[in-house]
Every structure is written in structure tokens, then in C-alpha cells.
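The values are calculated or read from the model by the stated rules, or taken from the named source; none is laboratory data. Quick caveat, the model's predicted, so the values are computed rather than measured. With ideal geometry, Cβ positions are generated from the backbone for all residues, glycine too; neighbour counts draw on all protein chains shown.
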Amino acid sequence: MDAKFIINDGQHRRAAIISALEQRPELAHETIAVVFFLDIGLERCQQMFADLNRHAIRPSRSIGLLYDHRNDKAKLAKLVILKSRFYKEIVDMEKSSLAPRSRKLFTLSAFYNACADLVEGLATGNLNDDARLAREFWEEVASCFPAWTQVKDGRMPASEVREGFIHSHGIALQAIGKAGNSLLKAHPKDWKPKLAALEKIDWSRANAKVWEGRALIGGKVSKVTTNVILTTNVIKQALGLPLEDAEKKVETASRQRDKK
């Protein structure tokens, strides 16, 4: 009974239990399972730690963002969803990839990326004001995609929309956020009417002439940075916005590859 106990794995849980006991002393009557091993040396102890954590399952990025209360951009994305009746219905707050039968269109992690790009250089630091602008923008975007509304209302399966259109994937959402950032900067007062141009883009995945090599690689959606930029370029051109130097370079490189 005079043995010294060392916590090899679970230090965070131990700290959480101590904090919980301070707030709720009655929890002291609860029990938890633990496993004891004889300490036969530092090397064995270190190996045990490595073995225990080698196969640990990392939580999804969306779960990480959902529970992150220090990340201001995560707070912004969550507040926009929380305050929006529309996005609350079509954004999955826990998963980072959607199952084929999911009734959602986007994940929190995808919406986080899109919101972060939207407010880049525009955020005032006032969470409520920034969230109000972002929500206004995204709800205006939603009005340009009737299929999103049909999914929200249960009149069309989300899987059918994702299979048929680029606009219902995270890469398009992020690209719209990037293009939206330029739109808000260039037209801070009259940006809403200009978003109507989103409806004129042929978002069909079958439109390989536009999307293959941009949002699609070999017919599959690609989320790498270059593809996000190339998808953004299509949207910016539709909105009548000039491309930045970095975007022009990526566009030129893509066209040169196509010629080869």
C-alpha cells in the first residue's frame, strides 16, 4: 500500500477528474476502470506509452473545431451556423467526411475554411459583427442554389446533389468564400446583386470542360490548394472580379499543363 503510482497515459483525464470533483464533490462516489503494471524501468515505461498511443484514434477535425473555444475563426463559423436557420440544417457539426446517405451537404471543417477565407482582412475583432456579415453573405449565397434549399426542406437527397454538382462540396464552399472576400472588399455596399452571377455558372460535375483539372482530378473532387485557387478563379471571373497575381500564376500554369 505504500507503492508509488505513476500515470503513464491519461494525464489530461486525471486533471479533468480533479476539476470535476472540485465542482461536483458527489462525483467522488463514482468509479472508473484502471490498469496497473509493474514498473520495471524507464525504457519499458516509455515503450508502454508508445504502444498505447500508436493506435489512438484522432477525433475528426470537425469535432476538434466544435470543442475549440480558443480559436476565434472556429467561434465565428459556429456562431454563423447557430444563428442561421438555413445552415443549421445542412452542416454536420461532428463529421469531417459525409456518409453517402447523410442528409447534410457540408461539414463544420469545410464551413470553417470557407468562413476563415471570407473574413480574411475584413474581420473587425467583434465576433457578433463579423458573424452577422458572414451570415448575411452565406445566406445570400444559399439563395443562389435552389438545390440546397430542396435538401434543407427534405425534397431532394443530399447525396444526389453532391453526386451531381460541384457547388455542394467543400472545395466550392471555400472557393466561394475566397471570391466573396474579394467581392466584399471591392463592393462593400453593393455586393449582394453581384452574387446572382453564381447561378449562371454551370456547376454540373458532368461539365468536365470547366471542372476537370480544377475542382476535379480524374473525375474525383480534389481539395488541394491549387485546385481551390483554380475553382476560385472560375467564380471570380463570373463575378467580374480581377485575379490576383498569385491566382494568375496558378491559372497560367494550369493552362500550360493542359496544352501539353
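For the stretch 6-33: of the residues being over 36 Å from the mean Cα position of the chain (by Cα) and in a loop (DSSP other than H, G, I, E, B), which is surrounded by the fewest Cβ atoms within 10 Å (Cβ to Cβ)?
Thr31
Across the stretch 216-253, what is the number of residues that are in contact (Cβ under 8 Å) with a residue 40 or more places away in the chain, over 18 Å from Leu118 (Cβ atoms) and in a helix (DSSP H, G or I)?
The number of residues fulfilling the criteria is 1.
Within the stretch 88-113, take every residue that is touching a Lys or Arg at 6+ places or on another chain (Cβ under 8 Å) and in a helix (DSSP H, G or I) and give me the one that is farthest from Ile229 (Cα to Cα).
By that ranking, first place goes to Glu89.
I'm trying to understand the selection: among the residues of the stretch 68-85, which are surrounded by fewer than 18 Cβ atoms within 10 Å (Cβ to Cβ) and outside any helix (DSSP H, G or I)?
Asp68, His69, Arg70, Asn71
If Leu65 meets every condition in (1) hydrophobic (A, V, I, L, M, F, W, C); (2) buried (at least 22 other Cβ atoms within 10 Å of the Cβ); (3) modelled with pLDDT of 95 or more apart from one, which number is that one?
Looking at each condition in turn, Leu65 falls short on (3).
Return the total of residues in the stretch 106-136 being in contact with a strand residue (DSSP E or B) (Cβ under 6 Å, 6 or more places away or on another chain) and surrounded by fewer than 20 Cβ atoms within 10 Å (Cβ to Cβ).
So the answer is 0.
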